[in-house]
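First the structure, in the form of structure tokens, and then the observations on it.
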Amino acid sequence: MRAHGFSAAQPGTSAQAALDAIARQRGRLFLYVPVFLAIGIGSYFALPRDPTPPEWAALAALTLGLATLARWLSEDLAPLLIAAILTLCGVLLAGHRAHQVAAPVLSYRYYGAIEGRIVKIDRSSSDAMRLTLDQVVLERISPARTPRHVRISLHGQQGFMTPEPGLRIMTTGHLGPPPAPSEPGGFDFRRLAWFEGLGAVGYTRIPVLIAAPPDPTGQSLTRLRMRISAAVQDRIPGDRGGFAAAILTGDRSGIPQSRIEDLRRSNLAHLLAISGLHMGLLTGFVFGLLRLLMALVPPFALRAPTRKLAALGALGAGGFYLALSGGNVATERAYIMVAVMLVAVLLDRRAISLRSVAMAATLILILRPEALVQAGFQMSFAATIALVAVFRFLSDDRAWRDRLPRWALPVVSVILCSVVAGIATAPIAAASFNRIAEYGLIANLLTVPLMGLVIMPAAVLAALLAPFGLEGLGLALMSPAIGWILTVAEQVGALEGAVLPIIQPDPWVIPMLSLGALWLILWQGRARFAGLPVMALALLLWSQTTRPALLIAPEAELVGLMTPEGRALSRARAGSFTASSWLQADGDGADQAQAHARTGADPRAQITHLRGGGFDVLHLAGKRALADLDMLCIPGRIIVTTEVPEEKPRVCTLLTPADLRATGARAYDIRAGQIVMRSVTGASGARPWTGRTAP
């Protein structure tokens, strides 16, 4: 204890007992650094509005004041104050990042000439080719108001040019601001687009033409990546080549959406993302290969620090893989995690430990605070923390290894890895994607070993042989293994009951579940088991989640009313993306046509009547449906129209696209006999990405 310090607790008090418990965590307190940073970052994203400049200044002053005070506190109180400081730092980091990435966002619908340089090529959910452009020029929009990046999907007759990064293209198309959530509290694509610098999205049906050839001095690495992708797909034709290109270069444009859906239904979509699995397998293989090669030269192996040299080589290989894959957020996160572990080897520290994971998480949260609210970050660290904790526990008790034959140990380890990672990531995957792949464990056990034993080693072999023009040997070894993965995905995904729909939880369920799990893993002593009831309560509350009774789409193109059979949708085809989002969040496995059939209405009818749960709703589609508006408007009825009538009747509640344009999508419930309405505008608040400022 510092001589000049002071303590607020006296011996024998409950406060002192709590401080004593904290003192027993000495040596492990660093593990809580990313936890409290994450609490602060999460608090920022949960705010109803962005702090004003004076509030930011006050928050920064408070943080500095607490940091100064921490120097004078006794060692028993200092950890509590440091936790508060880290939480405040998390808020400041997230706020700084949100304003640092600020860029113009299109505020209205635009139709006209679009010109820009291709920086990314991928596919949309409808399987259309999609181009992300920078150096954008839009007709009648000044450079100061032009978005930094725009993304357009290519429809209609195309094929007049072959897209490649660096190519400057021009076309005529439709653009609009990134879309708002399809319901209050739903996934907000605007936030994701804000941090990616994406200021407009849209489509074109006009042929895309070349405006200027690629700049030979720019985007050389990106063009190299796409050339490698094209070469891989030439050597391995079909879907296998698209899969190989995706895991080697991050280019998914060669994989059709049907294959991606198979991978999702079988819980194998993570194999496409260049994440911790790929980075770990690649660097692990390079590390082992280098050590083996150096061991073949005994004089060198006896004198040189081969372990550290192998770590340096693996670090370089991982860095090249990061650059080659395009350096997206998921790959950066994976590289930071692997780099921390390899640097630990260089510093003679334990490479795989919770401390290394905490350091990686801290670096990522400092560099990209927005990663916290992305499913990739959450699933990656959930799996890593669970695996490190479980294998650390098992390494302390080696008796289980002694009871297994040597040949069975790798098999048991693979099974255990899949089970632990699957359990750890299942709640996050279910909350993010509203479904669980029931046979995902089987699919992963049948495929993941091939990634480490065949595909990644073959990729390294292809890279080593490429300078001699012999990369085809490595790719030939890779192709059958990829074919097996795609076959497993197709067969498992087609099984009856392969996907279990899951209802969208309330926004605090996953944070509560995560904090309970972290307490269970990180805390030392019997008090750790207090995390179990917290986790159980989160799951219990998830099971009690209810969905809005009535949902109205932001453009009035669709209405959905909850019925005993599930949500009934007013239209069989219109608003398909919104319909899919609503049904997924409901945990409803029906498609839009099946949900519309619950109304009993003719799909061609312009007037659809939805009734139940205290609601009486009519959806009028088209101008002709407005002819009977006065007769249909009765007290207590809600009428939603896709067209704006010349005069609004006052007897009923009438909602038109003009009304919804100000509020966004709406949700209605009946509570205590009263209709309660929530809107996207109200739920989203005044944040940088919503286009609204605090009053």
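Taken together, the values in this text are just the output of simple stated rules run on the coordinates, not laboratory data. Keep in mind it's a predicted model, so treat the numbers as computed, not measured. Cβ placement follows ideal geometry from the backbone for every residue including glycine, while neighbour counts extend to all protein chains displayed.
So here's what we get for this one:
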item	result
Efficiency of FRET between residue 192 and residue 303 - r from beta-carbon atoms, R0 51 angstrom, step 0.05	0.50
Difference of contour (0.36 nm per residue) and Cα-Cα distance, residue 261 to residue 527	91.5 nm
Using θ = phi - 60° and Karplus 6.51 cos²θ - 1.76 cosθ + 1.60, couplings along region 108-120 (whole Hz; Gly, Pro as x)	8, 7, 10, 10, x, 5, 10, 9, x, 9, 6, 10, 7
Zone residues, region 651-695, relative to residue 57, backbone N less than 13 Å from point 7 Å out along Cα-to-Cβ	none
Test item: Cα-centred dipole of the chain, Lys/Arg +1 and Asp/Glu -1 on Cβ, debye	1420 debye
The chain - mean residue ellipticity at 222 nm from DSSP helices (-39,500 (n - 2.57) per run, n ≥ 4, rounded to 500)	-15500 deg cm²/dmol
Burial ordering of 109, 191, fewest other beta-carbon atoms within 10 Å first	109, 191
Added length on full extension, which subtracts the Cα-Cα distance from 0.36 nm per residue, residue 594 to residue 419	59.5 nm
Peptides 364-372, 657-665 ordered by average Cβ neighbours within 10 Å, highest first	364-372, 657-665
Spin-label model distance (nm) - residue 672 vs residue 47, 7 Å beyond Cα toward Cβ	3.1 nm
Computed over region 579-695: relative contact order in percent, which uses C-alpha pairs under 8 Å that are six or more apart	12 percent
Dmax and Rg, reported as Rg then Dmax, of region 14-100 (C-alpha, Å)	14.5, 44
In Å, descending, principal axis extents of the Cα set of region 550-690	37, 36, 31
Segment residue 491-residue 162, length gained on full extension (0.36 nm per residue, minus Cα span)	115.1 nm
Region 556-631 pair-distance distribution - Cα-Cα, 10 Å bins, rounded %	20, 54, 23, 3
Fewest-first ranking of 478, 337, using other Cβ atoms within 10 Å as the exposure measure	337, 478
Label-zone membership for region 150-176, site residue 113, 7 angstrom Cα→C-beta point, backbone N under 11 Å	170-172
Spin-label pair residue 296/residue 392, simplified geometry with 7 Å Cα→Cβ offset, distance in nm	3.7 nm
In order through region 336-344: 3J(HN,Hα) via Karplus (6.51 cos²θ - 1.76 cosθ + 1.60), integer Hz, x for Gly, Pro	4, 4, 5, 4, 4, 5, 6, 5, 4
Förster-model FRET efficiency, 25 Å R0, residue 209 and residue 134, C-beta, rounded to 0.05	0.85
Low-density loop cleavage sites - GluC sites (Glu not before Pro) in region 65-168, where at most 15 other Cβ are within 10 Å (DSSP)	75, 139
Angstrom value of the Kirkwood radius, inverse mean 1/r, which spans all Cα pairs in region 247-501	19.5 Å
Quarter of the Cα convex hull surface for region 407-526, i.e. its orientation-mean projected area (nm²)	11.6 nm²
Selection of GluC sites (Glu not before Pro), region 553-596, meeting DSSP coil and at most 13 other Cβ within 10 Å	565
Rounded if a/c under 1.5, otherwise prolate or oblate - region 341-391, Cα gyration tensor axes	oblate
Cleavage-rule hits (trypsin sites (Lys or Arg not before Pro)) in region 134-172: DSSP loop, at most 13 neighbouring Cβ within 10 angstrom	140
log₁₀ of I(q)/I(0) at q = 0.12, 0.17, 0.26 Å⁻¹ - region 66-124, Debye sum with one point per alpha carbon	-0.59, -0.79, -1.06
Principal axis dimensions, largest first and in whole angstrom, of region 469-536 by Cα	58, 35, 21
Residue-by-residue Karplus 3J(HN,Hα) for region 291-303, coefficients 6.51, -1.76, 1.60, Hz, glycine and proline x	5, 5, 5, 5, 5, 6, 10, x, x, 6, 5, 6, 10
Sequence of 596, 278, 619 once ranked by neighbouring C-beta atoms within 10 Å, starting from the fewest	596, 278, 619
Beta bridges by DSSP in region 550-690, antiparallel share as percent, to the nearest 5	75 percent
Gyration tensor (alpha-carbon) shape descriptor, the chain, a/c threshold 1.5	oblate
Cysteines having no other Cys beta carbon under 4.7 Å from their own, within the chain	89, 417
Nearest-0.05 FRET efficiency for residue 539 and residue 644, computed from C-beta distance (R0 41 Å)	0.35
